[in-house]
Amino acid sequence: MYRPLLAAALAVLVVAPGAAQAPASPADTCRNDAKFREQDFTVGSWDVYTGDKKTDEVTMSLILNDCVIEEHWKRADGRPTGNGIGLFNYSRLLGSWGYTWATDDGAATVFRGNLAKPGEMLYVTEKPLPGGKVRLRHWTLTLMPDGTIRELATGTEDGGKTWTTDYDLKWVRRK
């Protein structure tokens, strides 16, 4: 009478650990999820140029179990402010990327974005203007054929009829 009960209990003890294994950890989930890898082309240390002049340095690092890219932006041209920190992360809830930026001179903004094509991220934000107007801003990070990154910010205040360039930067990987 006790023998079948004991055998059943032993079977549960042997089988249960395998059946009760926890799902993949968040680290494994982010590392192996293609959505979280879309912007990995920016990871590394870069010198940033405006034209031929080096103006900034940026370091992009994977953090939080490879679920987030942390950006550290440092002025290289002697200006005392304008250094900043940014966080890029993919949100499963929103189905898009997010970017939050803050600097040592009080600038801050939030963007939402998506992969435009492999090696190109497009982020968008809106800036309120006087009189109820809005400035729509597109910001792209594009991996170029030579391995550099083009960072381009453009904006419109007329609903997209005309666009102006805010800045056009070139990132060169530091060796």
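A few points about this structure:
- Matching option when the condition is part of a strand (DSSP E or B), closer than 23 Å to ARG173 by Cβ and in contact (Cβ under 8 Å) with a residue 40 or more places away in the chain, among PHE41, PHE88: PHE88
- Test: residue in region 163-170 that is on the phi > 0 side of the Ramachandran plot and free of Cβ contacts under 8 Å to residues at least 40 places away in the same chain: no
- Selection within region 98-150 - in a strand (DSSP E or B), among the small types (Gly, Ala, Ser) and closer than 24 Å to GLY82 by Cβ: GLY98, ALA102, ALA108, GLY113
- The number of residues in region 24-78 being at positive phi and surrounded by 12 or more Cβ atoms within 10 Å (Cβ to Cβ) comes to 4.
- Any hit, region 145-164, residues being in contact with a His (Cβ under 6 Å, 6 or more places away or on another chain), at pLDDT 95 or above and either surrounded by 14 or more Cβ atoms within 10 Å (Cβ to Cβ) or closer than 13 Å to GLN39 by Cβ (or both): yes
- Positions within region 111-133 being surrounded by 13 or more Cβ atoms within 10 Å (Cβ to Cβ) and either among the small types (Gly, Ala, Ser) or farther than 26 Å from TYR90 by Cβ (or both), in sequence order: GLY113, ALA116, GLY119
The values are calculated or read from the model by the stated rules, or taken from the named source; none is laboratory data. Just so it is clear, the model here is predicted, and its values are computed rather than measured. Heads up, the Cβs are rebuilt from the backbone with ideal geometry, glycines too, and the neighbour counts pull from every protein chain shown.
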